[in-house]
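Colleague: Here you go, one structure.
The values are calculated or read from the model by the stated rules, or taken from the named source; none is laboratory data. Since this is a predicted model, take the numbers as computed values, not measurements. For neighbour counting, all protein chains shown are included, and Cβ atoms are generated from backbone atoms with ideal geometry for every residue, glycine included.
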Ligand SMILES: Cc1ncc(COP(=O)(O)O)c(C=O)c1O
């Protein structure tokens, strides 16, 4: 799109707001010449664990690596099954295959967009080892219901919290509820690095110890390889940058939530469905997603007004060509499939101005006025 009036995301605006702190953090790493792991990453681990209310944090080079190592630490491998959802970013499912286990998918609840706990029992087999709920868009899955099934059946729970930094479930933070949680710090995330980044959090020191070794070639000390590991280490620039940004995260989250309240107010009378904040916690709105039957029409109309929107995600994982061999076809997960056809993510970042919010809503209303709509309920 050439004439962007309201971008979907504006990382420049955020950087300008914290530039002196970021520049100083980068200079500190340059001066130290300690570029991989080191004191900045160790300090970030401590600070992020505390933020999540977890005992341990291990910093990694991506959220995908976090999922991969969480599964390996939980001893998941060939012949094992892991239950997750088809309506997610592909990494949640891909990581299960990295561990040579089998992803078993269950449908989502269409209100929260997260795993439907009522669908889990029927998917459990003697080979099931873990449940991997995804806290999609920044809202946690219904964790009490999931944990209860997992405890009863002796299953490990791995939270995919890649989009949910600071999200709460009944007062507890994402990252402290399941057995292990996985975060992404991809630049556009609520807590985003200036490159790739990820982490696990856990209260289980054994899991943390294993993941610490696995991220660094399985070494317990230099050139002594106890496990067949990986190069999944976080670099020091990302650690230093994330420490700065973590200090601003609560303020940014509250700014996101204020923007969402404004969007909800302005869209209340419109023929679109605004996101549902479930009563169980605090949504951190990584993504603000409306539902409409004319998603593609609205997407195009907003684009022609210079307003960037996103579609998270247009095709559920089970219908992606790369995952056809999982054995699910069209119709397997009706809620995921209908949702994928109807979701549209509006611009949302803490610095989004009131004027820009009004521009987005104005454009949306004009498009809706041009076309008779049916609200999705
Ligand atoms: C739900 C979900 N899981 C996993 C990931 C993977 O994280 P990363 O891109 O840091 O590997 C992402 C990030 O894009 C995500 O949104």
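Colleague: In the stretch 98-144, what count of residues is obtained for those that are part of a helix (DSSP H, G or I) and either touching a helix residue (DSSP H, G or I) at 6+ places or on another chain (Cβ under 7 Å) or surrounded by 20 or more Cβ atoms within 10 Å (Cβ to Cβ) (or both)?
Modeller: Going through the stretch 98-144 one residue at a time, the tally reaches 7.
Colleague: For the stretch 175-188, name all the residues that are under 17 Å from residue 286 (Cα atoms), outside any strand (DSSP E or B), more than 7 Å from the ligand (Cβ to nearest atom) and in contact with a strand residue (DSSP E or B) (Cβ under 9 Å, 6 or more places away or on another chain).
Modeller: 175
Colleague: I've got another one for you. Of the conditions (1) touching a strand residue (DSSP E or B) at 6+ places or on another chain (Cβ under 9 Å); (2) within 16 Å of the ligand (Cβ to nearest atom); (3) in a loop (DSSP other than H, G, I, E, B), residue 239 satisfies every one except a single condition; which number is it?
Modeller: Of everything listed in (1) touching a strand residue (DSSP E or B) at 6+ places or on another chain (Cβ under 9 Å); (2) within 16 Å of the ligand (Cβ to nearest atom); (3) in a loop (DSSP other than H, G, I, E, B), residue 239 misses just condition (3).
Colleague: Please work out which residue is farthest from the ligand (Cβ to nearest atom), limiting yourself to the stretch 83-97 and to residues that are in contact with a strand residue (DSSP E or B) (Cβ under 6 Å, 6 or more places away or on another chain) and part of a loop (DSSP other than H, G, I, E, B).
Modeller: In this case the residue turns out to be 86.
Colleague: If you don't mind, there's one more thing I want to ask. Tell me, which residue of the stretch 218-236 that is in a strand (DSSP E or B) and touching a helix residue (DSSP H, G or I) at 6+ places or on another chain (Cβ under 7 Å) is modelled with the lowest pLDDT? Spell out the reasoning first.
Modeller: First, the residues of the stretch 218-236 that are in a strand (DSSP E or B): 219-221, 224-225, 231, 233, 235.
Cutting the leftovers down to touching a helix residue (DSSP H, G or I) at 6+ places or on another chain (Cβ under 7 Å) gives us 219-220, 233.
Working: 219: 96, 220: 91, 233: 98.
The extreme case among them is 220.
Colleague: Any chance you could count how many residues in the stretch 43-82 are more than 15 Å from the ligand (Cβ to nearest atom) and either assigned to a loop (DSSP other than H, G, I, E, B) or free of Cβ contacts under 8 Å to residues at least 60 places away in the same chain (or both)?
Modeller: Selection size over the stretch 43-82: 13.
Colleague: Being closer than 18 Å to residue 70 by Cβ and within 16 Å of the ligand (Cβ to nearest atom) is the filter here; which residues of the stretch 147-166 pass it?
Modeller: 157, 158, 159, 160, 161, 162, 163, 164, 165, listed by residue number.
Colleague: Same structure, new question: Could you list, in sequence order, the residues of the stretch 179-212 that are within 15 Å of residue 64 (Cα to Cα), without any contact (Cβ under 8 Å) to a residue 60 or more places away in the chain and surrounded by fewer than 17 Cβ atoms within 10 Å (Cβ to Cβ)?
Modeller: Selection gives 195 alone.
Colleague: Quick check on the stretch 10-33. Is at least one of its residues surrounded by fewer than 23 Cβ atoms within 10 Å (Cβ to Cβ), more than 16 Å from the ligand (Cβ to nearest atom) and within 23 Å of residue 218 (Cβ to Cβ)? Can you show your working first?
Modeller: Within the stretch 10-33, the first condition is being surrounded by fewer than 23 Cβ atoms within 10 Å (Cβ to Cβ), and the residues that meet it are 10-33.
The next check asks that each one be more than 16 Å from the ligand (Cβ to nearest atom); those that pass are 10, 12-33.
With within 23 Å of residue 218 (Cβ to Cβ) added as a condition, the list becomes none.
No, the stretch 10-33 has no match at all.
Colleague: Can you work out which of the residues in the stretch 189-216 that are more than 10 Å from the ligand (Cβ to nearest atom) and in a loop (DSSP other than H, G, I, E, B) is farthest from residue 85 (Cα to Cα)?
Modeller: Once the filter is applied, the top-ranked residue is 194.
Colleague: Continuing with this model, one more query. How about the stretch 154-165: which of its residues are in a loop (DSSP other than H, G, I, E, B), surrounded by fewer than 24 Cβ atoms within 10 Å (Cβ to Cβ) and in contact (Cβ under 8 Å) with a residue 24 or more places away in the chain?
Modeller: 155
Colleague: Of all the residues that make up the stretch 291-323, how many are part of a strand (DSSP E or B) and buried (at least 22 other Cβ atoms within 10 Å of the Cβ)?
Modeller: Qualifying residue count, the stretch 291-323: 1.
Colleague: Now a separate question. Does residue 13 satisfy the criteria of being within 20 Å of the chain's Cα centre (by Cα) and either over 23 Å from residue 353 (Cα atoms) or part of a helix (DSSP H, G or I) (or both)? Write out each step before concluding.
Modeller: Values: within 20 Å of the chain's Cα centre (by Cα): no; either over 23 Å from residue 353 (Cα atoms) or part of a helix (DSSP H, G or I) (or both): yes.
So residue 13 fails the test.
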